[in-house]
Amino acid sequence: MHPEPVSPTVTDARTETEVTEAHASRPGAAGQASPADLARDLDELVAATARVRAAVDSVVSGRPGLAEITVAVLLAGGHLLIEDVPGVGKTTLAKALARSIDCRVGRIQFTPDLLPSDLTGVNIFRTATHDFEFRPGPVFNNVVIGDEINRASPKTQSALLECMEEGQTTIDGTTHALPRPFLVVATQNPVEMEGTYPLPEAQRDRFMARLTVGYPDTEAELLMLDRQEASDPLAHLSPVTTGEDMVRYAEVVRSVYAATTVKQYVLDLVGATRHHDGLRLGASPRASLQLLRAAKAVAAMSGREHVLPDDVQTLAVPVLAHRLILSTETRLAGVTPEHMVDEIVRRTDVPGTRVSALPPAGSFARPARGR
C-alpha cells in the first residue's frame, strides 16, 4: 500500500550540532516543555492513540493502516478525505473515529440540492424580538462527517474551504470561530459514478490526506459478518479519550523535532512533483507543510520525539497523491497518481543514503492489473 523504505534502517540523519541546539533550546524557552515533560506527554499520547486505533479497528476490520493515518491526521490538525465505491465502510470509519473521542459530532448528507447555509448555519429573523437569531449549522461540531461530499454542487462544496483552512466561518459579514478540535472527515464516491461532481483542486488541497478503504479480504469480511450479524458494533463503541486531550496531544505533536535534513527531504519529494513531465499540476507548499505535520504525528504515535525519513515515506502517497493532476499522456498510459508518488519516492535520495541507479524520469511501467 505504501512504498517500502529505500534503506532497511534509516537513521534520523541529524548533525551533532542540530541535536545539541534542539535539546538545549527546549528546557529554557518560554512555553516549551522540558525533555522529561515531553517524554511523559509522549507516553500518554502513545497510550491514548493506541486505544483510539484499537476502537476504530474493532469496527473496521481487515484494513491495516487506516486507523493509524486517520488518527495522525486528527493529531496534525488536518482533514481527511476517504474515497471508494459505496458499501466498503467509508462512513463507518468516520463514525468510529468520532465515537472513540468524547466530543460533538455533526453529520451532513451531501445532495445536489444542498445549500451552503445548510452547512454553515443561517440567521433567522424573530418577529417577537425584532432581531436576528443565528442558528449554527453542522460545521459547529468537533468532528464533521461529510457523507458523499462530491454529490453536492461546487458552490456548496466551497462553503467548507474557510472552515477547513482557518477554523472559522463567515456568515452575513460576521465571523464565527469553530470549536477545537475540528476535523472534517469527508467521504466521496468515484467521480465516474452517476450524480457526482469532481472536487475543485482548491478543496482537495485542503485535505491533509486521502485514504482508499478497499474491499476486505475473505477472512476480514467473515469477521464482519460475525460481528454485525446480530448487532451494530458502532452502537457498543464507547469513548476512549476526550476532545480536550486530543487538543493537548496536538500540541505535543508540534514539539516533535524535525531535522533540517528531514525537512529538505520533504521539499525534495514535493518539488519533484512540480517538475515532472508526467504531471500537469504538482503539490503545493501547503502539501509540504502538511506532510511534515503528519510525519510528526506518526513519529509521536510511535513514541519518538523526532521524525524519521520512514515517517515521511509512509505518508507520501496519502498526503500527496490526491493533489496531483496527471498529464493526458500519463493518464492514458494507465498510470495513477499513487504510482507516480511511489516512483518519486523510489527516485529521491533519503538523508544519509544514496539511491542506486533507477530508470530515467518519466519511464513508467504499466501498473499491475487490479492494483
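The values are calculated or read from the model by the stated rules, or taken from the named source; none is laboratory data. On a predicted model such as this, the values are computed, not experimentally measured, just so you know. Backbone-built Cβ (ideal geometry, glycine too); neighbour counts: all protein chains shown. Accessible surface areas use protein heavy atoms only, side chains included; no ligands, DNA or RNA. Shrake-Rupley method; radii C 1.70, N 1.55, O 1.52, S 1.80 Å.
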Straight-line reach from residue 263: which lysines have Cα under 21 Å away, leaving out those fewer than 8 places along the same chain? 296
What is the ratio of the Cα radius of gyration of region 199-249 to 2.2 N^0.38 Å, with N the residue count, to two decimals? 1.75
Between the DSSP loop rule and a limit of at most 12 other Cβ atoms within 10 Å, which GluC sites (Glu not before Pro) in region 212-241 are left? 229
If you count the DSSP beta bridges with both ends in region 67-172, what percent of them are antiparallel, to the nearest 5? 55
Once you wrap a convex hull around the alpha carbon atoms of region 290-349, what is its projected area averaged over all directions, in nm²? 4.5
Could you work out the mean projected area of the convex hull around the alpha carbons of region 70-162, in square nanometres to one decimal? 7.7
For a protection proxy built on the mean count of beta-carbon atoms within 10 angstrom, sort 121-132, 170-181, 152-163 highest first, please. 152-163, 170-181, 121-132
Furthest towards positive pole of dipole, 97, 137, 73, structure part region 45-154, Cβ charges: 97
For region 101-213, compute the orientation-averaged projected area of the C-alpha convex hull (one quarter of its surface), in nm². 8.4
Estimated translational D of region 203-331 in µm²/s (Stokes, Kirkwood radius over Cα pairs; 25 °C; 0.890 mPa s): 142
Can you give me the accessible area per residue for region 128-241, using a 1.4 Å probe, in Å²? 52
So how do 40-49, 81-90, 141-150 stack up, highest first, on mean other-Cβ count within 10 Å? 141-150, 81-90, 40-49
